[in-house]
1. Would you call A:Leu711 closer than 20 Å to A:Lys349 by Cα and not assigned by TED's automatic domain parsing to the domain that holds A:Asp402?
2. Taking B:Ala28, is it modelled with pLDDT of 95 or more and facing chain A (nearest Cβ under 7 Å)?
3. Say we look at the range A:281-291 and pick out the residues that are crowded, with 24+ Cβ neighbours inside 10 Å and hydrophobic (A, V, I, L, M, F, W, C); which of these is farthest from the other protein chains (Cβ to nearest Cβ)?
4. Please indicate, with yes or no, whether at least one residue in the range A:541-548 is surrounded by fewer than 24 Cβ atoms within 10 Å (Cβ to Cβ), among the hydrophobic types (A, V, I, L, M, F, W, C) and not in a helix (DSSP H, G or I).
5. With touching a Ser or Thr at 6+ places or on another chain (Cβ under 7 Å) and under 30 Å from A:Lys691 (Cα atoms) as the only criterion, which of A:Pro814, A:Pro822, A:Pro790 stands out?
6. If you take the residues in the range B:113-123 that are at negative phi and in contact with a strand residue (DSSP E or B) (Cβ under 6 Å, 6 or more places away or on another chain), which one is farthest from ligand 1 (Cβ to nearest atom)?
7. Restricting to the range A:443-488, name every residue that is farther than 16 Å from A:Ala510 by Cα and within 22 Å of the chain's Cα centre (by Cα).
8. Hand me the list of strands (runs of 3 or more DSSP E) wholly inside the range B:114-224 holding 1 or more residues that are under 30 Å from B:Arg16 (Cα atoms).
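The values are calculated or read from the model by the stated rules, or taken from the named source; none is laboratory data. Since we're looking at a predicted model, the values are computed, not measured. Cβ: placed from backbone, ideal geometry, glycine included. Neighbour counts: every protein chain shown.
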Amino acid sequence: MSDDNDFNKLIASSLNMGRRTFLKSSAAGAAALTAGGGLLKTDKAEAQTYEPYPTDNQMETVVTSCAHNCGSRHMLVAHKKNDVIVRLSSDDGRYQRDGCYGKDTDEEPQLRACLRGRAYRERIYCPERLLYPMLRVGKRGEGKFKRVSWDEALDFVAKKLIDIKEKYGSQAILDQSYAGSSYGVLHKSDQIDGLQGRFLGMFACRTSSWSVPSYQATTTSSKWTFGTIEDGNEDDTFAHSKLMIMWGWNPAYTFHGGNTVYYMRKAKQNGCKFVVIDPLYTDTAATYDAWWIPIKPNTDAAMLAGMAHYIFDNNLQDQAFIDKFVQGMDAGTMPDWATDSPNGKENFKDYILGKNDGQPKTPEWAEKICGVKAADIKKLADMYATTKPAALKACWGPGRTDYGEQYNRMAAALQAMTGNIGMLGGSAEGVGKAWHAEGAAYPYDQYSNIWFSSIKSDRWAYIVNNYPNVAREEAGLWPRQDNLDGVVPNIRGIFWQGSNWLNQLTNINAEMDAIQKLDLVVCLDQTITTSGLFADVLLPICTHFERHDVALPWYKGHYYIHRPKVIEPLGESKTDFQVFTELAYRVGNMTGMGDKFGEVYNTKATRDYWNNPDPVDEDYLRTWWEDRVMQHQHVEMPWVEFKKHGVYKMKLDRPHVGFQDQIEKGIPFQTPSGKIEILCDELARISDWKKTKYGYHIPSIPKWIEPFESLNHPTKTKKHPYHLITPHPRHRTHSIFNNSAILRETYDQEITINTSDAKKLGITTGDKVEVWNDRGRLVVPAYVTQRCMPGVVSIPEGAWIDLDKNGIDRAGNPNMLTADTPSPAGSFAYNTILVNLRKTDLQHRAGWDETSVSRSHVFGRDI
Amino acid sequence: MSKEIDKAKIKAAVKRRKRETYKPVVPATQLGFIHHNVDCIGCRACEIACKDKNGLAPGPRFRRVSYIEGGVYPDVYAYKVNMSCNHCAQPACLPTCPTGAIFKRASDGIVDIDSTLCIGCRRCEAACPYGAPQFDPGDNLIKKCNMCVDEIDAGRKPYCVMACMMRVLDIGPIDEISDGSFQTTAIGPGDMPVKQVKNMADPELTKPSIRFIAHSKGGVQSKQ
Ligand code: SF4
Ligand code: SF4
Ligand code: SF4
């Protein structure tokens, strides 16, 4: 210790010790030291971090962020020595404007990373990192590759692409870019309009995938109801709620929206009551001491309908709000044209009261479907209708079901009928997207999202396996205005950019059949993944620690985080932008376009971008900051200063509440009618469903529709009596980080089973369980608990499949069991699965490395 | 990496150790942990921050968030108890060490291990009632939480504390945590810190420097 006094001051300030206590304890310390002659002398043993790790003060500190598709975007701070990141920390208040160590205010809270982000070094320096371009030498899926030069790999891809387009036309390449290396403003992998979409679209050979696995039910619902997906509040507003109904929402696992869990603690301290509707008693329920209402999966719309009935029946609805802002809630708010429309004759209240079908949707009716006692449905409806402000947060999981959109629409109807929209402490969330960030530093122009057919994402394998006998409604084709309208694509090749979709979409067995039928499979990624094993070409992409970018909040939060190149790219890895730019030059020169393709693709670069991307990236980012952020968002901090700080936290004039201006200032909603459309204009006017992207009929008001399977199914439950849900794990972001042994040490890839079910089956915690249905089989360890609804089991999504010779997945990926049958609105049926299970002697394989065993139950789960 | 053993140094340390009768160090200020068992979401960000900070491979886990659950469906409850090393006032580990590698700092009461003296005999591992010292077979060493002394010496708080997503884990002078005079977000309005929670070893054994805000079902009667 160089200076005792300095140390004491520092520690005193960081520990909040007042000056008096500090003086007192130093004096006491001095006394103890003089009196301590006989004590073990501390100078003979030394305090240190474990060798050979240097301390933070001996290293360089670089602010950056995490980068994945989890629902938040936290700060990571790299502590590096030379070109190696030795340690990661997170926001401690020091880096922002006017920051200091420990600063953590409600207005500018710290952006503390979760366990996944903190483990990021495990991903940068993992044995699964792709460091060199590779070409497949074995069968697809066998995992046999040889290292090749970039030249050879890129020429191979370019020639194949040209060949396929010539033979099969403009729909032959399927774009399956996703969020694996996502949400930089510059280096963007994205399903709709990222860098890969731009490349394939400009090359004029692209089938895109329009439905989003996470939340298609809620995006479709929010667009119908509110005309936008920006229906959310910033998370600090939750601190103002008096009642928080968390429908299928477990932010203690997903960490959705940077500081949501933290602000809800404030709500709890302010006296907010919490309710959790979920088949599992989640850690969220435990933390907020919530009233837990277990519900049968895929029946949420029925329970919500029962609540609506109670509210109407007792005249508890906010009629003034309805009359002013809502279309189609009741007879009085129906538009004139509705009676003559093909699909819009009925209003919501009539449906709920059973005027037309003779079935009032009473709480008793709902109880039979959802398994929640009518008395509880009434109690909750009463609480919601009589507490203000109350937030009904309709999360995405219950929407990832057959007819999931009906659940989200029904929840929106309740939000509207209680008048909890546009109010601080209320909620119109569905999607939950709040503050609008400036999102695009990459070239974003007329070439950004060109496609020649667009399908429901989880229908690709069905299309490939059954081509040409596929109807347009089965493919979920997005309509076009030209002669390609309704033409089902003949998919011959697939491009994955930051995408492990083979692992992550539904019905993996069907996908594995389809992949063998293709002529080209290209995978750009940072690590090898289960999808990568099926690729013909592996192109190594550097992580966001190895390239220059700026991070955006994911869907809540108002800040930007600078992401400098912390270290040089590992191996021969390049950025996606470099790869697509160079491919554009190569394809252009092979097809007579010369350099034109490359120049238009990457507008600020020359072909030298391949060797020297840094000045171009800097130019894109600086231009974006100055023209977009500084101009549009009235930010005064210059680019250079932003880079120095590493983070810019916005201060908002008022808490951001979705639709506040619509309610307070009477600005129309972005729907055709300008109102909250409980009766949806678009749907009401449709007569030929086959020609829509939905393919099949959808009611224009929210309704309960029986799913293709559930615990209520009269026959299917005989063979497969358990309903499986597949929520997000805590220790992975979808499939990312599955290869981190220290994260796998925190949680098992396990099946959660209720104690009474487990007893019937002779299963105890830690036993291996085989789970199956007609689509596939897997093996996982069991976690037996009272925290799970009987009849329901749960396995988290995202484990990397590891098949044995009989095709049984020993890693336990539930997509071996899910069905590739999306709802009309495009929601994936991830949580609509019936299965059977039994104890087994088959081994479970937690990870490809097999080095780690989870110790989560060793550390006391069933005490 | 397995370390070079300096036999002469260890012999000297053993000799010195034998000469000294252990009397616990009474530090100027005893630092200790406070954890809120209910408001903790159990995310284990603190655990992983610690693993990364200390460069630990799978195996040793200095900080351990235990999940406790009970009740019968549907009336269930759950909470978390988060513990690393308690930097005890009377550390059980310290006197068991044959080489004197374990020491308690006079300034802040942190109990640490000098890894150049540790011979990996694992006696402290057996002595500690809380499972804090853990064996790292890769290095043939016992390792445990040292309250991030390097960070403390730099005037900052430990990695786990600064990682807590809920701000419910903190350190401070343990006396002030106990009597409620310490300002910390770990303690909410109306919360009373306790010394012991259910299933925890008797604090009288070692006088651990840790306090909890207990769950209503996780408290221990008459042991405030
Ligand atoms: S908790 Fe265990 S290792 Fe830590 S000081 Fe106490 S006895 Fe020693
Ligand atoms: S104080 Fe440091 S060493 Fe101890 S548990 Fe926390 S992070 Fe780990
Ligand atoms: S980081 Fe905080 S909230 Fe998360 S497990 Fe640790 S103590 Fe609990």
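1. Values: closer than 20 Å to A:Lys349 by Cα: no; not assigned by TED's automatic domain parsing to the domain that holds A:Asp402: yes.
It is false that A:Leu711 is closer than 20 Å to A:Lys349 by Cα and not assigned by TED's automatic domain parsing to the domain that holds A:Asp402.
2. yes
3. The extreme case among them is A:Ala285.
4. Checked the range A:541-548: no residue is surrounded by fewer than 24 Cβ atoms within 10 Å (Cβ to Cβ), among the hydrophobic types (A, V, I, L, M, F, W, C) and not in a helix (DSSP H, G or I).
5. Every option except A:Pro822 fails the conditions.
6. So the residue we want is B:Ser115.
7. A:Asn449, A:Ser454, A:Ile455
8. B:134-136, B:141-143
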